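Input: a single structure, listed below in structure tokens.
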Amino acid sequence: MTRSLRLFALSFGIVMAVTAPAAATGLPIVGADGQIPSLAPLVKAVTPSVVNIAVTGRKGGAGAEVAGSGVIVDAQAGYVLTNQHVVASADKIVVTLKDNRRFDATLVGGDPDTDIALLKIEARGLAALPIGDPDRLEVGDFVLAIGNPFGLGQTVTSGIVSALGRSGLGIESYENFIQTDASINPGNSGGALVDLRGELIGINTAIFTGGGGNIGIGFAVPIDMAQSVMQQLVAHGEVRRGRLGVQVKDLTPELGASLGVAAQHGAVVDFVDVLSPAQKAGIAIGDVILSVDGTPVRGATDLRNRIGLTPVGQQVQVVLLRNNTSTTLSITIE
């Protein structure tokens, strides 16, 4: 299944094959322990947690059949994360495990704004992937992608993290993508992006392409964003987006100079809604929002993502600069 922007959202898999360079003799390089470097042990450990998803009989559609991928994130509850576009309007969803067991899945809920959906299956003996920390990622880190490209069955590909915090692509309303050059193709949507610790760091979602296939530019939703969506889907069956009540723009060096602030990152407040949480807390035009709950705000899109995925009614600690003086405000999200 694909979506384009010359951008295709798909189910795909990424695995970085770390192979040893050939020696001058043409023989593989052998380690001190006599072993040839391989990712096979890691692959064996993580692939049981990645599933194939078949969607049939789309409601209101022509009964099309779509193939995608998913990741088991809670073995006890039977929760499987995937992409919303894989299961949108599905009449029947079938999940196939690596051991070829098949289960009808229930759609717990989906969020088109992040393209994340949550399925539930009733099964024993499931293996969930441990959750990683996308904040530890750096450009150049090796990653594996696992999915069901072109409906071929479970496939592993490899690559590196090419960029972090990608946004403004027009794929989703809330974007903070991990970019990778791991091979991604139609059918991989909802698959796992895994680091070399064997931890889930992202849900593969889309590629940039000129003709429908992989050209080395793929995107994954960071697992922390996917988890925030999942928590709300479990609680409400939908995402109830938080609202701060401000319009903001990126803090650029030029804007910082004009405001007389030395901060290197942040979101500058352009407008404050009347009777909004921001106004009630005392935020004013010209304030520079630096962090939310101790995590730095990189810019306007980052702030929008953070607040939009904060549960309604939750209190957050916002640090801002006003006249070069740092102030911390407690704000209840509405």
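State all residues of region 268-286 that are touching an Asp or Glu at 6+ places or on another chain (Cβ under 7 Å) and hydrophobic (A, V, I, L, M, F, W, C); if no residue qualifies, say none. Give the steps one after another, and end with the answer.
Restricting attention to region 268-286, the residues satisfying the condition of being touching an Asp or Glu at 6+ places or on another chain (Cβ under 7 Å) are 269, 277, 279, 285.
Once the filter is applied, which keeps residues that are touching an Asp or Glu at 6+ places or on another chain (Cβ under 7 Å) and hydrophobic (A, V, I, L, M, F, W, C), region 268-286 yields Val269, Ile285.
Has region 293-310 got at least one residue that is in a strand (DSSP E or B), free of Cβ contacts under 8 Å to residues at least 24 places away in the same chain and more than 24 Å from Gly260 (Cα to Cα)? No, that holds for no residue.
Scan region 259-274 and tell me whether some residue there is surrounded by fewer than 14 Cβ atoms within 10 Å (Cβ to Cβ), closer than 26 Å to Phe177 by Cα and out of contact with any Phe, Trp or Tyr (no Cβ under 6 Å at 6 or more places or on another chain). Yes, some residue in region 259-274 is surrounded by fewer than 14 Cβ atoms within 10 Å (Cβ to Cβ), closer than 26 Å to Phe177 by Cα and out of contact with any Phe, Trp or Tyr (no Cβ under 6 Å at 6 or more places or on another chain).
Within the set Asp113, Asp135, Asp74, the sole residue that is among the acidic types (Asp, Glu) and modelled with pLDDT of 90 or more turns out to be Asp74. Examine region 317-326 for a residue that is over 22 Å from the mean Cα position of the chain (by Cα), part of a strand (DSSP E or B) and of a type in the set (Gly, Ala, Ser), and state whether such a residue exists. Looking for residues that are over 22 Å from the mean Cα position of the chain (by Cα), part of a strand (DSSP E or B) and of a type in the set (Gly, Ala, Ser), one finds at least one in region 317-326, hence yes. Flag set for Val80, criterion: under 17 Å from the mean Cα position of the chain (by Cα), at pLDDT 95 or above and under 22 Å from Pro149 (Cβ atoms). Among the residues of region 170-185 satisfying the criterion of being at pLDDT 80 or above and β-branched (Val, Ile, Thr), which is farthest from Ile203 (Cα to Cα)? Residue satisfying both the conditions and the ranking: Thr180.
Does any residue of region 180-189 turn out to be surrounded by 18 or more Cβ atoms within 10 Å (Cβ to Cβ), part of a strand (DSSP E or B), in the same structural domain as Gly68 (by TED's automatic domain parsing) and of a type outside the set (A, V, I, L, M)? Scanning region 180-189 turns up at least one residue that is surrounded by 18 or more Cβ atoms within 10 Å (Cβ to Cβ), part of a strand (DSSP E or B), in the same structural domain as Gly68 (by TED's automatic domain parsing) and of a type outside the set (A, V, I, L, M). Go through region 298-334 and give me each residue that's in contact with a Ser or Thr (Cβ under 6 Å, 6 or more places away or on another chain), modelled with pLDDT of 85 or more and within 24 Å of Thr252 (Cβ to Cβ). Residues satisfying the conditions are Val319, Leu320.
The values are calculated or read from the model by the stated rules, or taken from the named source; none is laboratory data. In this text the structure is predicted, and so the values were computed from the model without any measurement. Using ideal geometry, Cβ is built from the backbone for each residue, glycine included, and neighbour counts are taken over all protein chains shown.
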